[in-house]
Amino acid sequence: MTTAIVWFRRDLRLEDNPALHAAWRAHARIVCVYLHAPDEEAPWQPGAASNWWLHHSLQALDADLRRRGACLFVARGPTAAALERLIAASGARAVYWNTLHEPALMARDAALRRVLRARAIEVHNFNANLLAEPSDLQSGQGGPYRVFTPFWRRLRANLQPRPPLPAPRRIVAPALPGNVALRDLGLLPSVRWDRGFAAVWQPGEAGAHAALQRFRDRALGDYRVDRDRPDRDGTSALSPHLHFGEIGPRQIVWRLLSDVRDDVHERNTVEAYLRELGWREFSHHLLHHFPHLPERNLDRRFDGFAWANEDALALRRWQLGETGIPIVDAGMRQLWASGWMHNRVRMLVASFLTKNLRQHWRHGARWFWDTLVDADLANNSQGWQWTAGCGVDAAPYFRIFNPVTQGERFDPAGAYVRRWVPELAKVPAAAIHRPWEFAGAHRLAYPAPMVDLRATRVAALAAYRHLPRSG
């Protein structure tokens, strides 16, 4: 009986898992493995919120495997040594995995592939988590895309929806010694700051499909408008499920395009959502071609930009949601309580940090990395560079979001602010986004704005005017 190892990473699902499907079809026995080696992702080891999600997602995957006669074998790294032990214990002659696209992990996997093949161990890897391999799309000039719209046009034209690969009905797995208990990985916090997470999220493959169903039934019809409204449940909330591979983008594409009817509004709405999946792809495309994306400005003109001196107190007030700017504070408190923040608000809090406070975008990227359950190296890095104005296809440097007028536009009755900033619960809608103008402002247990928005905008623009014309 031939035995194979299927190495689960961020593809924590059974349906439409090409590595698992190929191994199941080719081998009689399968060892389903998770190898815990966060140090191999340095300097971007998963943050605390990501670890919370990972614990529960692995727990759900193990339960799904047990219903099919197997289990998830958990081992600690280093990965190469752990795989060597598993190969020796199981007699496996093949290892299957799905590709990860972060630079450090691609380098590690390439080295592993060489070592295993030198030992006559077959290695099979697949694309499970993107619509296209980042290296497969090139611009008309033969290099990487640097502008989203032509990238998406090309990707969408080549996107061929296909039905998902079925999950194995039953998996025969050998019994092996040394399985590490999931709780012993220490993924859950010792101080339980995560108590609010469970009320919001259901990690795991079943939770991913439930989220997609809710989105399809309740939010998709009004998505083009409601996706910008943090006071409404108008987004898919699929980003953490996508990051951990509990559902793949091709599954979402197949489901939404299969459901769409010959209705122009519905078809346009689906296309608007698919375009958002395209932004995720674009981020991975940029990270593949510009591996320094998480650390260095893509627009090299910003290497000499006059950021303000690092201000630990200002950063802390921003992190805690105590800036005195209601929608900024609401977003930062939503992040801390739930591990997630509405995308429109992500742009507002990032603009406030990088432009009104003129703190380096890397400070914000690191905080998001530790506190977001959907922290994704490509998306996080690209998003912060976009808002700061130093990425490719970035927001123009002179676009400085006004969080007051943005709040009035996208949270007009103040429901979002009242939910996350209860000190302002009794402030009328007309003043909710500028409570310092409220007649009873002196009675509020809420700070005055930490900066003058108009003055800091002028200062940021003055700094931007000193950028070189070309990088």
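The values are calculated or read from the model by the stated rules, or taken from the named source; none is laboratory data. Note that this is a predicted model, so its numbers are computed, not measured. Backbone-built Cβ (ideal geometry, glycine too); neighbour counts: all protein chains shown.
This table checks each residue for (1) under 24 Å from the mean Cα position of the chain (by Cα); (2) basic (Lys, Arg); (3) more than 22 Å from Asp39 (Cβ to Cβ).
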| residue | (1), (2), (3) |
| --- | --- |
| Asp62 | yes, no, yes |
| Gly69 | no, no, yes |
| Arg93 | no, yes, yes |
| Leu112 | no, no, no |
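Quick grid of which residues meet (1) within 22 Å of the chain's Cα centre (by Cα); (2) at pLDDT below 95:
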site	(1), (2)
Ala306	no, yes
Asn309	no, yes
Leu315	no, no
Gly321	yes, no
Gly324	no, no
Trp336	yes, no
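As a summary of the residue check, Arg232 satisfies the conditions (1) surrounded by fewer than 16 Cβ atoms within 10 Å (Cβ to Cβ); (2) of a type outside the set (S, T, N, Q); (3) within 23 Å of Arg333 (Cα to Cα) except for the one numbered (1). Of all the listed residues (Ala111, Ala89, Ala104), the sole one being closer than 21 Å to Ala28 by Cβ, part of a helix (DSSP H, G or I), in the same structural domain as Leu14 (by TED's automatic domain parsing) and not β-branched (Val, Ile, Thr) is Ala89.
Determine whether the range 140-150 contains at least one residue that is under 28 Å from Ala19 (Cα atoms), in the same structural domain as Asp259 (by TED's automatic domain parsing) and not β-branched (Val, Ile, Thr).
For the range 140-150, residues under 28 Å from Ala19 (Cα atoms), in the same structural domain as Asp259 (by TED's automatic domain parsing) and not β-branched (Val, Ile, Thr): present.
Report, by residue number, each residue of the range 124-144 that is among the hydroxyl-bearing types (Ser, Thr, Tyr) and either modelled with pLDDT of 95 or more or not in a loop (DSSP other than H, G, I, E, B) (or both). Hit for the range 124-144 is Ser135, nothing else. Of everything in the range 244-289 that is in contact with a Pro (Cβ under 9 Å, 6 or more places away or on another chain) and among the small types (Gly, Ala, Ser), the residue that is farthest from Glu205 (Cα to Cα) is Ser258. Among the residues of the range 286-306, those identified as over 21 Å from Leu131 (Cα atoms) and assigned to a helix (DSSP H, G or I) are Arg300, Arg301, Phe302, Asp303, Gly304. Report yes if Val270 is more than 28 Å from Leu100 (Cβ to Cβ), of a type in the set (Val, Ile, Thr) and buried (at least 23 other Cβ atoms within 10 Å of the Cβ), otherwise no. When the stated conditions are applied, Val270 does not pass them.
Restricted to the range 429-445, and to residues there that are modelled with pLDDT under 95 and assigned to a loop (DSSP other than H, G, I, E, B), the residue that is nearest to the chain's Cα centre (by Cα) is Ala445. Screening Trp340 on (1) out of contact with any Pro (no Cβ under 8 Å at 6 or more places or on another chain); (2) under 18 Å from Arg232 (Cβ atoms); (3) not aliphatic (A, V, I, L, M) shows it passes everything except condition (1). Suppose the filter is over 30 Å from Val427 (Cβ atoms), part of a loop (DSSP other than H, G, I, E, B) and among the charged types (D, E, K, R); does Glu322 pass it? Here the answer is no, as Glu322 does not meet what is asked. Per the conditions (1) of a type outside the set (A, V, I, L, M); (2) touching a helix residue (DSSP H, G or I) at 6+ places or on another chain (Cβ under 9 Å); (3) farther than 26 Å from Ala199 by Cβ; (4) in contact (Cβ under 8 Å) with a residue 24 or more places away in the chain, the sole criterion not satisfied by His27 is (2). Please work out which one of (1) over 23 Å from the mean Cα position of the chain (by Cα); (2) part of a helix (DSSP H, G or I) is the condition Ala120 fails and give its number. Ala120 satisfies all of (1) over 23 Å from the mean Cα position of the chain (by Cα); (2) part of a helix (DSSP H, G or I) except (2). Candidates are the residues of the range 146-166 that are in a loop (DSSP other than H, G, I, E, B) and basic (Lys, Arg); the one that is surrounded by the fewest Cβ atoms within 10 Å (Cβ to Cβ) is Arg162.
Using the structure shown, decide if Ser283 is within 22 Å of Met347 (Cβ to Cβ), of a type in the set (Gly, Ala, Ser) and not in a helix (DSSP H, G or I).
It is false that Ser283 is within 22 Å of Met347 (Cβ to Cβ), of a type in the set (Gly, Ala, Ser) and not in a helix (DSSP H, G or I).
Can you pull out every residue in the range 369-410 that is more than 24 Å from Pro150 (Cα to Cα) and hydroxyl-bearing (Ser, Thr, Tyr)?
Once the filter is applied, which keeps residues that are more than 24 Å from Pro150 (Cα to Cα) and hydroxyl-bearing (Ser, Thr, Tyr), the range 369-410 yields Thr371, Thr405.
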